[in-house]
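In what follows, a single structure is set out as structure tokens and then discussed.
The values are calculated or read from the model by the stated rules, or taken from the named source; none is laboratory data. Quick caveat: nothing in here was measured; it's all calculated off a predicted structure. Ideal geometry is used to build each Cβ from the backbone, glycine not excepted, and the neighbour counts take in all protein chains shown. The accessibility values were calculated without ligands, DNA or RNA, using every heavy atom of the protein model including side chains. Shrake-Rupley method; radii C 1.70, N 1.55, O 1.52, S 1.80 Å.
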Amino acid sequence: MLTNLRFFRSSFIVTILGLAAAYWLGGPKAMFIAAILSVLEVSLSFDNAVVNATVLKDMDAVWRKRFMTWGMLIAVFGMRVIFPVLIVAVIAHLTPWAALMMAVSQPEQYAAALTSSHIVVAGFGGAFLMMVFLKFFFDQDKEVHWLHIVESPLAKMGKMGGIEIGLCLVIVYLISTQLGDHGQLSFILSSIAGIVTYIIVDGFGALLGGEENHGQATVVRTGFSAFMYLEVLDASFSFDGVIGAFALSNNIFIIAIGLGIGAMFVRSLTIMFVEKETLDQFRYLEHGAFYAIGALAFIMFIGTFHEIPEVITGLIGAGLIGISLLASLHYKKNN
């Protein structure tokens, strides 16, 4: 137990500094909100940590280190502060600096502008996560099945090239029929952008990781494609949470502190999963994470026309991972 705490040393330091900064910005209430946001971020992104570990365990050590340093800076400050400001700048036809000043001096107006982008964000992020989910199960080379009656037929259907793209497009269309004329086109276009982004990032890695490439150059380029895959994955996970955070606070700095603390703990979990080879020890944990990603994708889609509390989202994800962990322990005990 004590040996595991070393993975969280930096996270605890960031927590202390972050909560102190939140207290300085807004007193006990702000510190409490930052703490709540950090807990919500961890609960919503636990499956993200498992998937990150899945990719990182096969990544070159150099690129793994880059993701854990530069990737985390992008995740904490880029996706949770800068990117939302850029979104508002585009929507409100402002310069990025003007959008940032709006966030500081007119937080209610900034929150309204950011919230108005929810359909576009949910379409892009939901479609990308849906592709991640479907690609994992529509894999003809997949040999380990948790829910065999479901996963075995899906793996066989993976022989049909592009089946996950077709199914994702069907789901996008069905969801779009629940939206009004105002949001339908925006949702479809952003969803298609999410699917295309997944195809490019995933295909880029496959292209550069082919057998015809050899040597260090292949490792570096494949590492870069994996790095980009993880960054887009994190964006899909996090941005919807950024919008939801405005239900607790309109202060972008308090939101950034709370979500940043949570992101640091997700980073620590990822490192622990990789170094302790957790995915190898718990046979079905990875499956639970991908089921949670699929659930999150559906929730993001449904959230475009029906509000779903983030607590429900967190409980569903945590529940699926918890059940997969218990199933792994049961398998380990009996084999």
Using the per-residue mean of other Cβ atoms lying within 10 Å as a proxy for protection, in what order, highest first, do the peptides 171-180, 293-302 fall?
293-302, 171-180
For labels at Phe77 and Ile323 in the simple 7 Å Cα→Cβ model, what's the distance in nm?
4.1 nm
With Cα springs under 10 Å, the Gaussian network model of the chain assigns the largest mean-square fluctuation among Met101, Met272, Met264 to Met101
Segment 225-335: relative contact order as a whole-number percent, Cα under 8 Å and 6+ apart
27 percent
What lysines does Lys332 reach when the alpha-carbon gap must be under 19 Å and sequence neighbours fewer than 8 apart in one chain are set aside?
Lys276
About its Cα centre, the chain carries a charge dipole, from +1 on Lys and Arg Cβ atoms and -1 on Asp and Glu Cβ atoms, whose size in debye to the nearest 20 is 720 debye
So what is the 222 nm mean residue ellipticity for the chain from helices alone, if each DSSP H run of at least 4 adds -39500 (n - 2.57) and you divide by all residues, rounding to the nearest 500 deg cm²/dmol?
-26000 deg cm²/dmol
Cβ-derived FRET efficiency at R0 41 Å, Leu185 paired with Ile149, nearest 0.05
0.60
Can you tell which of His118, His287, His145 shows the greatest fluctuation in a Gaussian network model of the chain with Cα springs below 10 Å?
His145
Of every hundred units of 1.4 Å-probe accessible area on the chain, the number belonging to carbon and sulfur atoms, as a percent, is 69 percent
State, to one decimal in nm², a quarter of the convex hull surface area for the C-alpha atoms of the chain, i.e. the direction-averaged projected area.
18.4 nm²
Would you list the membrane-span-like helices of the chain, meaning whole DSSP H runs whose alpha-carbon atoms span at least 30 Å along their axis and whose mean Kyte-Doolittle value is at least 1.0?
9-56, 181-208, 252-275
Give the lysines reachable from Lys156 as a straight Cα distance under 18 Å; neighbours fewer than 8 places away on the same chain don't count.
Lys135, Lys142
Mean accessible area per residue over the chain (1.4 angstrom probe, all protein chains present, square angstrom) is 49 Å²
In percent, how large is the relative contact order of the chain, given Cα pairs closer than 8 Å and 6 or more residues apart?
36 percent
Build a GNM of the chain with springs between Cα atoms under 10 Å: which of Ser11, Ser236, Ser116 gets the top mean-square fluctuation?
Ser116
Once you keep just the Cα pairs under 8 angstrom separated by 6 or more residues, what percentage relative contact order results for segment 20-171?
11 percent
